[in-house]
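This report concerns only the one structure given below.
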Amino acid sequence: MRIIVTGAAGFIGSNIVQALNERGIDDIIAVDNLSKGEKFKNLSDLKISDYMDKKDFYQRFTDKAFGEVEAVFHEGACSDTMEHNGLYMMQNNYQMSKDLLLASQAQGTRLLYASSAATYGGSNAFTETPDNERPLNVYGYSKLLFDQIVRRHCGSKWDQQSAQVAGFRYFNVYGPREQHKARMASVAFHQHFQFQDTGVVKLFGPYGGYASGEQMRDFIWIKDLVAVKMWFFDHPEKSGLFNLGSGNAQPFNDVALAVVNAHLRHQAKAPMSLQGAVEAGLIEYIDFPSSLVGKYQCFTQADLSHLRKSGCDLSFTNVQKGVGQYIDHLISTP
C-alpha cells in the first residue's frame, strides 16, 4: 500500500507518518521543502520509501509517475498566518491543492487534506457552513478558497466521489515535532520555554470582554488529531469537510497552569491552583498589545456535530492532561 504525505517533515505531517509506521506502513513518499534543513529531524526516526521536494512532486503526481497510490495526506502548505505575500500564499495553499484534488480524483486516489479554523476568522459560530466563514487574513482565505473548490467539485454528492475526499479544519494543535515552527508553534510550546528560561508564564490581560488569561481557544492534542485522520483512513466511504478540534474551548489560563504544574511535578513540588500560581509570581499578565486589537480571536470552539454524524466517536484529551504529557515530552527530550 503506497501512501503520499505532503508536508511530511512538518508538525502534523510527520506525526501522520509516525502513525502509519505504527501500523506497519512504510511505503510512504514524503514530500516537503527542506530549505529549513532542521526539519529533517522530524523524519530521521521514521520509515519512508522515498523523499521528494514539493517543486517536483505536483506535476509528477499529475503525470501518474508514482503508480497506484492508495491515499494522499495533504499537509503541505504555508501555515504562517502572519505571511502577507498573497501571491506566495495562493500558489502554495490554493493552486497546488487544486491541482492535487483534480489529479487524485482522476487516478482514484483518496485525498485527506488539511484545512484550517482560520477560515472562520471573525465569526462567532464554528460550523462548516459558508455563512460562518469570514477569514481575517490571506492564509485563512487561501484555505477557504480551496474548501470552496472542493465543495463545488463534490457538490451535494460527497459520498459518491470516485475516491474519498475529506478536509479537516484544524483548531489550535499542540504536541511533539513542532519545534521548527518558530513563532507559529503552539502556545504550550512557547510557554514551556518561557517558564524554563524565566520561571514565569506571561499571558494577555483583559481584552474583548474577557478577564486576564480567560480568552478561550479550542486546543487539540496532536495524538487526538492524528487518531481522527487514521479513523477516516480506515473509513474510505466517509467524505466531507469536518472541524477537527476538541470541541471544548479552554482559557489560556488552563494552558499556563498545566505548563507550570508539569514543571513543578518534575521539581518534586506540589501542584498549584491558578490563584496560587499568580500569587507566587509564576503566572503574570501583561497589557494586551495594541498591534493585535481588532485582529485577535478571543474565542474558538469546534462544533463537532458533523464529525460525530460521520460515525467518528473518538474522545479528546483536555488541556490539563494533554499539555501535561507534552511538557513531560519536552523536558525529557533534548
Can you tell me which of VAL200, VAL173 is farther than 21 Å from ILE220 by Cβ and buried (at least 16 other Cβ atoms within 10 Å of the Cβ)? VAL200
When only residues in the range 278-297 that are touching a residue at least 24 places away in the same chain (Cβ under 8 Å) and surrounded by 14 or more Cβ atoms within 10 Å (Cβ to Cβ) count, which is farthest from ASN132 (Cα to Cα)? LEU282
Given the structure, is PHE11 of a type in the set (Phe, Trp, Tyr) and buried (at least 23 other Cβ atoms within 10 Å of the Cβ)? yes
In the range 118-146, anything under 16 Å from the mean Cα position of the chain (by Cα) and in a helix (DSSP H, G or I) is listed as ALA118, THR119, TYR139, GLY140, SER142, LYS143, LEU144
Given (1) modelled with pLDDT of 95 or more; (2) of a type in the set (D, E, K, R); (3) under 29 Å from ASN42 (Cα atoms), identify the lone condition not met by GLU128. (3)
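Filter the range 67-77 for residues that are crowded, with 17+ Cβ neighbours inside 10 Å and of a type outside the set (A, V, I, L, M) and give the result.
Result: PHE73, HIS74, GLU75, GLY76.
Could you check how many residues of the range 298-323 are among the small types (Gly, Ala, Ser) and surrounded by fewer than 20 Cβ atoms within 10 Å (Cβ to Cβ)? Don't jump to the end; show me each part of the working.
Step one: filter the range 298-323 for residues among the small types (Gly, Ala, Ser), giving 302, 305, 310-311, 315, 322.
Adding the requirement that they be surrounded by fewer than 20 Cβ atoms within 10 Å (Cβ to Cβ) leaves 305, 310-311, 315.
Number of matching residues: 4.
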Just give me the residues in the range 15-57 being of a type in the set (Phe, Trp, Tyr), in a helix (DSSP H, G or I) and surrounded by fewer than 19 Cβ atoms within 10 Å (Cβ to Cβ), in sequence order. PHE40
Checked pairs for the range 127-142, first free of Cβ contacts under 8 Å to residues at least 24 places away in the same chain, second surrounded by 21 or more Cβ atoms within 10 Å (Cβ to Cβ) and β-branched (Val, Ile, Thr), C-beta under 6 Å and 6 or more apart or across chains, list as GLU133/THR119; PRO135/THR119
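For (1) of a type in the set (Ser, Thr, Tyr); (2) outside the structural domain of GLY122 (by TED's automatic domain parsing); (3) in contact with a helix residue (DSSP H, G or I) (Cβ under 8 Å, 6 or more places away or on another chain), each residue gets a yes or a no:
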position	(1), (2), (3)
SER290	yes, yes, no
VAL293	no, yes, no
LYS309	no, no, no
CYS312	no, no, yes
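Right, SER246: assigned to a loop (DSSP other than H, G, I, E, B), among the polar types (S, T, N, Q) and under 21 Å from the mean Cα position of the chain (by Cα) or not?
So SER246 fits the description; yes.
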Check on SER212, modelled with pLDDT of 95 or more and either within 24 Å of the chain's Cα centre (by Cα) or under 22 Å from LEU100 (Cβ atoms) (or both): no
Check VAL260, VAL228 and return the single one that is in a helix (DSSP H, G or I) and assigned by TED's automatic domain parsing to the domain that holds ALA71. VAL228
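The values are calculated or read from the model by the stated rules, or taken from the named source; none is laboratory data. This is a predicted model, so every value here is computed, not measured. Neighbour counts are summed over all protein chains in view; Cβ atoms, including those assigned to glycine, are modelled from backbone coordinates with ideal geometry.
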